[in-house]
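Here's the structure we're looking at; comments come further down.
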Amino acid sequence: MCPLKEQTTAFFAPNTMDNEYQIKIVRSLAEIAPKAWDSCANPVSPSAHGVQTDAPKARRAANPFLSHDFLSALEESGSVGAQAGWLPQHILLFDKAGQLAGAMPCYLKVHSRGEYVFDHAWAHAYQRYGLPYYPKLQAAVPFTPVTGPRMLVPPGKDRARRRQLLLQTAIERVHRENLSSFHMTFASHEDWREAGAAGLIQRKDQQFHWHNHDFTHFDDFLASLASRKRKAVRRERRAVLCRDIHVEHITGRDITEAHWDHFFAFYMDTGNRKWGTPYLNRQFFSLIGQSMANQILLIFARRHGKYIAGALNFIGQDTLYGRYWGALEHHPFLHFEICYYQAIDYAIAHRLNRVEAGAQGEHKLARGYLPTPTYSAHYFADPGFAQAVRRYVEEEHHAVDDEIDYYLSHSPFRKDST
C-alpha cells in the first residue's frame, strides 16, 4: 500500500463554472463549521417520522452517518487519515456570499478496504491493463454500508445545478490529479440516477431491511409471518432467554465509558475474526458517545451478572441502523436476538419505519428482513477500461435483480400480510 501524503486546502473553479460558486477542497471537517455542514448533510425535514421520547426529532439527524459529529469522530480518532488509507478530501461548494451551498464527503484511497462495494477484481484488471488503480477518489461514509445522499445539497435556488457542480468537480479531480477513478458508493437513488445521466457507470447490489407495517407489538410482526417461520422465531428467542441471558437497551446519557469498554471488547473480537484488523479504534467510540449519545442505542446481553455480547445501533428519524456486534460467549441464536429481534422490538416501540441491519446476510430473510436494492456509481479515466466495466455491470444488474426476485419469492411473510 503506497502512503498518502497530506495535502493543503485548495480553492479552484470547475472548468465550466462562472463566478457564482467557488469550490474548496478540505482535508478535515475541522475546517468547516458543524452547523454549516449539517445544514447540507441533514437539512431539517418537517415531515420526519418516528420520535424517541428522550430525544426530540429536532436533535436527531435523519442520517447520523453523514453528520459532522460522526465523520469528524472518524478523523479526530485517526480511524481515517493518511495512515489508514482514507485521506479526507471533502468537496465544498460556496456561493458568492461565502455560504456553504453544497458538499460531498470524499476520500483519496490507496486500497479498497472498508467499502462494502467490492472492486478488487477491477483493481487487479486495471493493473493488468498496465495502469495503477490506486489512488482513487471515493464519495462515501467510511466503513458504513448505509444508503444516503453523497451530493449534499439542501433545498433552494439552483439545487440541481449545485448537485451537478459537485459531481463535475469530483470527475475533474480524477483528471487533474491523475487518479484512476471516482466512486460514489451506497448513494441515494436520486444521486445514482443523476450520476448515470452524467455518464457514470451505475451499479446495483442488495441488502436486507425490515419494514414496520404499523405494528404495535412484536406479536403483531409475528402474526404477519407464515406459521412455520413464526414458530421458528419464537423457538430461537426462547432458546436465548432460557440460558439465563438478560437483554438491556442503553442510550443517551445512560451510556458510560464502561459500556464502551465492554462494547469495544465485543467489536475487537468480531473484527479480529472477520477482518484481521478492525477499522475503528477505542477513541472513536468515546467521541461518538460524547457527541451523539441520543442517536446511539447499545443492546447488551448479560449472563450471570456479566456482559457477554452487544450490538451498536444508530437512531435516525425513521430508521434504526444496526452497525457492529460482538460476543465473548457464544450461544445459539444470540446473534439473531441481539441484532435482529431486539432491533425490531425497539423500532416498533419507537415507531420507526425501518431497520437496516448492515450488509449481506441472507439468513436475515427468515427473520423478516427483505432484500432492498443499493446503488453505486463509478467513473474511470481510461475510456477503454470504462467500457469493459460497463459491459460487466450491465450483466451484473440482471443477476442482482434475479437474486432479489428469488429472495422475495421466499419471503417469510404470509401472502395476505403485506
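Every read-out reported here was derived from the displayed coordinates using simple, explicitly stated rules and does not represent laboratory data. These figures come from a predicted structure and were not determined experimentally. Positions of Cβ are backbone-derived with ideal geometry, glycine not excepted, and every protein chain shown enters the neighbour counts.
When Arg228, Arg302 are sorted by how many other C-beta atoms sit within 10 angstrom of their C-beta, beginning with the fewest, the order is Arg228, Arg302. Rounded to the nearest 20 debye, the dipole size of segment 212-371 about its Cα centre is 560 debye, using +1 on the Cβ of Lys and Arg and -1 on the Cβ of Asp and Glu. Excluding the site residues themselves, the longest part of the chain lacking any GluC sites (Glu not before Pro) in a DSSP loop with at most 14 other Cβ atoms within 10 Å is 21-176. Build a GNM of the chain with springs between Cα atoms under 10 Å: which of Tyr126, Tyr341, Tyr324 gets the top mean-square fluctuation? With Cα springs under 10 Å in the chain, the top fluctuation among Tyr126, Tyr341, Tyr324 is at Tyr126. The gain in end-to-end length when the Ala198 to Arg176 segment is fully stretched comes to 6.1 nm, 0.36 nm per residue minus the alpha carbon separation. Here the Karplus relation 6.51 cos²θ - 1.76 cosθ + 1.60, evaluated at θ = phi - 60°, turns the backbone of segment 351-359 into coupling constants of 6, 8, 7, 7, 10, 9, 9, x, 7 Hz, with x for every Gly and Pro. Loop-located chymotrypsin sites (Phe, Trp or Tyr not before Pro) in segment 219-314 (DSSP state not H, G, I, E or B) with no more than 12 neighbouring Cβ atoms inside 10 Å: Trp275. Within segment 286-366, all pairs of alpha-carbon atoms sorted by distance into 10 Å bins from zero give the percentages 17, 49, 30, 4. Residues in segment 374-385 carry Karplus couplings, in order, of 10, 9, 9, 9, 9, 10, 10, 5, 8, x, x, 5 Hz; the curve used is 6.51 cos²θ - 1.76 cosθ + 1.60 with θ = phi - 60°, and Gly or Pro positions show x.
Here Ile91, Ile404 are placed in order of increasing Cβ neighbour count within 10 Å, fewest first, which gives Ile404, Ile91.
Note on segment 212-371: percent of Cα-Cα distances in each 10 Å bin, starting at 0 and stopping at the bin with the largest distance, equals 10, 39, 38, 12, 1. Taking the Cα centre of the chain as origin and assigning +1 to Lys and Arg Cβ atoms and -1 to Asp and Glu Cβ atoms, the resulting dipole is close to 500 debye. Note on Arg161 and His246: their simple-model spin labels are 6.2 nm apart, each label 7 Å out from Cα toward Cβ. With neighbours defined as other Cβ atoms within 10 Å of a residue's Cβ, the residues Lys109, Lys204, Lys415 order from fewest to most as Lys415, Lys204, Lys109. Gain in length, Glu190 to Ala265, computed as 0.36 nm per residue apart minus the alpha-carbon separation, to one decimal in nm? That pair, Glu190 and Ala265, stretches by 23.2 nm at full extension. Helix 282-291 axis versus longest C-alpha principal axis of the chain: approximately 90°, rounded to the nearest ten.
Going 7 Å from the Cα of Asp254 toward and past its Cβ, which residues in segment 329-372 have a backbone nitrogen under 20 Å from where you end up? It comes to 337-352, nothing else. Working from label points 7 Å from Cα in the Cα-to-Cβ sense, the Ala97 to Leu131 distance is 4.2 nm.
Summarised in one figure, the compactness ratio Rg/Rh of the chain, Cα atoms and Kirkwood Rh, is 0.97. A cut-off of 5 Å between modelled amide H atoms, ignoring neighbours fewer than 5 places along the same chain, links Ala101 with Leu93, Phe94, Asp95.
Only helices enter the 222 nm calculation for the chain: every DSSP H run of n ≥ 4 contributes -39,500 (n - 2.57), and dividing by all residues gives -10500 deg cm²/dmol, rounded to 500.
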